[in-house]
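Heads up, the thing below is written out as C-alpha cells.
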Amino acid sequence: MIPLDKIKADGRARTVYNTTDLAENIALHGLIQPIILRQDGDEYILVGGGRRLAALRELGITHVEHGVSSVPGVAGYVLQSESPELPSPLHVLLGELAENACREDFAWTDKLALIHKAWKLAKKEKSQLGERLLLQDFAVTLGVQYADLYAATILAEDVSANPGIYASCTSIRGAYQLKLKAEAKRVAQVLATRTPETVVVPAVHATADGLSVLTLTESPDTIPLSSWIWQGNGLDILANYSGPLSHIVTDPDYAIDVARLGANMDVADGVVQASPEESLLDYQRLITLAWDKLPPTGWLVFWYDLEWHSHLLDMVNAAGFRVQRWPLTWLKLGHNSNASPQYNFGKNVEFAMACRKPLAVMAKPTPCAFSIAAGGAARHYNHPFAKPSGVWAHILNAIAHEGDLIFDPFMGSASSLCAAVTRGLRIRGAELQPDHYNTALINLKTTYNTLFTCQPIYT
C-alpha cells in the first residue's frame, strides 16, 4: 500500500480538475482503472491518472493498493515498470492530452502548457534522429488545430511568466489575439517616436551619412561609395559592421549543385559555393547575424531555392524571427528555364523569405505573389543572376520606411542597392568577387548620375 501523500503530481500539465462525477462513480463502483506510478526513492511520481488521483483525494481515500481493484473504497495502482513497453515522456503527454482534450473543464492554460511541452519533446526526439518536425505534421499527431499549436509555441512562456495579463482569456486563440494586440500597440509606440533621417523624394542628395533632399538643380560634390560598399566576404563584413542598419535584403547562393545549375544556364559565374552544404552554412550564419544586427523593427529578406524551404524556415524560427509560411513568389514573365522538358514543367518563378523582428511592420500592404518581366536585368547589371529593379522595388516598397538603410552582404553587381538608391534609401553592401564588385561601382555611379544635373565625384 502507498499513502497518497507520497505521490507527486507536480509535473502534470493539467492542474484543474472537475472530479464530481468521477468521485461519485468511484464511490459506487470502485476505481476500475488504476493510476500509474513511477517510483523515485521514497516517493512516487504520477505517470497517468491525474483526474483519478484528484477524485480519490476528494473522497478522503488515503492509500492505494497494488493491482487493479473494483471494490468501493479501495483504489489500485500499477507501476510504470510493470508495463512490457515503457511509454516515453512524449507518449505520456500525448495520452494525457487525448484523455482530457474534449473535457469542458480542461483549463486552456493547462492545455497550452501540455501542447507546448509535447512539441518541445517531439522536436527533441526528431532532432536526435537527425530529422525535422513540422508544426503542421505534429498538429495532426496531437489532434489539435494548427492555429492552436502555432499559438502555443509563441504563448507558453509568456503566459507562464505573466499569468495576470491573460487572466481574462478563455482560450488559447483568445490569448494569442491579446498578445497580437499588445504587440501592435508597442509597434505603434515605436513608430510614433521614430524620427526619419531622410525624406524620400525623387531628387535626393547623397552625403557621408546617407541621403537628404536638395532641389533638382543641386548635386553633391562627392559620394563616398568606398565607405558604403566593400569588396570581401559579406558575412565577415556584416559581422564587424557597427553602423546604422534598418533591413537586410539579399540574394545569396541558392544551395544548388553547380552542375545542376549549369544545365539550366549558359553561365554560372555568379556562384562561389563549393557545395550546397557550404551555401546552407552561409544561410545559417546570415540568419544568425541578421538577428543580432537588425533593430527590433528590422526585416531580413533573402532569395532561396524552394527545395530548402522547410530547412530554412526552421533556421529563421529558431533564431527568433517571425515569418509567414508562404514565400514571396516572383512570376518571371517571358522567362522559362528547363533542363529536362520531357520530364519537368518549366521553371518561371523564384522565391524569397521575408523574416521580421518582433516590432517590424509593413510599410504598406503588399501581396506575396507578383508578376514582373525578367527583361534584360542580367545584361543591364552585367551579372548572370541580377534581378530587375521592379522585383527589388516590390520588396523595398513593402518593408522600407523613410530614412531606412538597406544592407546587402551578397550584392553581386548591386541591382538591389541601385533599386534602393532610386527610392531615396541609404545603402551598404559587400561582394566577394572583385569583378562583380567593380561592376557594382559602375552600376551605382550610373544610378546616382541619373538623380543629379551635375555629375558628382565618387570616392
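The values are calculated or read from the model by the stated rules, or taken from the named source; none is laboratory data. All figures in this text were calculated on a predicted structure; none of them were measured in a lab. Positions of Cβ are backbone-derived with ideal geometry, glycine not excepted, and every protein chain shown enters the neighbour counts. When the accessible area is computed, the model is the full protein with side chains, heavy atoms only, and any ligands, DNA or RNA have been set aside. Shrake-Rupley method; radii C 1.70, N 1.55, O 1.52, S 1.80 Å.
The packing ranking of peptides 384-396, 230-242, highest mean first, is 384-396, 230-242, where packing means the average number of other beta carbon atoms within 10 angstrom of each residue.
Quotient of the Cα radius of gyration of segment 374-458 and 2.2 N^0.38 Å, N being its number of residues: 1.03. Rounded to a whole number of µm²/s, how large is the Stokes-Einstein D of segment 301-399 at 4 °C and 1.567 mPa s, given Rh as the Kirkwood radius over C-alpha pairs? For these conditions, the coefficient is 87 µm²/s.
From the cross-link list K179/K357; K8/K126; K293/K445; K117/K185; K364/K387, which pairs have alpha carbons spaced over 24 Å apart? Table pairs above 24 Å Cα-Cα are K8/K126; K293/K445; K117/K185. In this view, the solvent-accessible surface of K181, computed with a 1.4 Å probe and all protein chains in place, comes to about 140 Å².
Around the amide H of I223, modelled in the peptide plane, lie the amide H atoms of I457, Y458, T459, all under 5 Å away and 5 or more residues distant in sequence or on another chain. Heavy-atom accessible area with a 1.4 Å probe sorts W326, W108, W228, largest first, into W326, W108, W228. The packing ranking of peptides 109-116, 435-442, highest mean first, is 109-116, 435-442, where packing means the average number of other beta carbon atoms within 10 angstrom of each residue. Given R0 = 56 Å, the distance between the Cβ atoms of V349 and S168 translates into a calculated FRET efficiency of 0.80. A probe of 1.4 angstrom, applied to the heavy atoms of all protein chains, finds E43 with accessible area near 70 square angstrom.
Each residue of segment 317-332 was assigned a 3J(HN,Hα) from its phi angle through the Karplus curve 6.51 cos²θ - 1.76 cosθ + 1.60 (θ = phi - 60°); the sequence is 5, 5, 5, x, 5, 9, 8, 6, 6, 9, x, 5, 10, 9, 8, 8 Hz, with glycine and proline shown as x.
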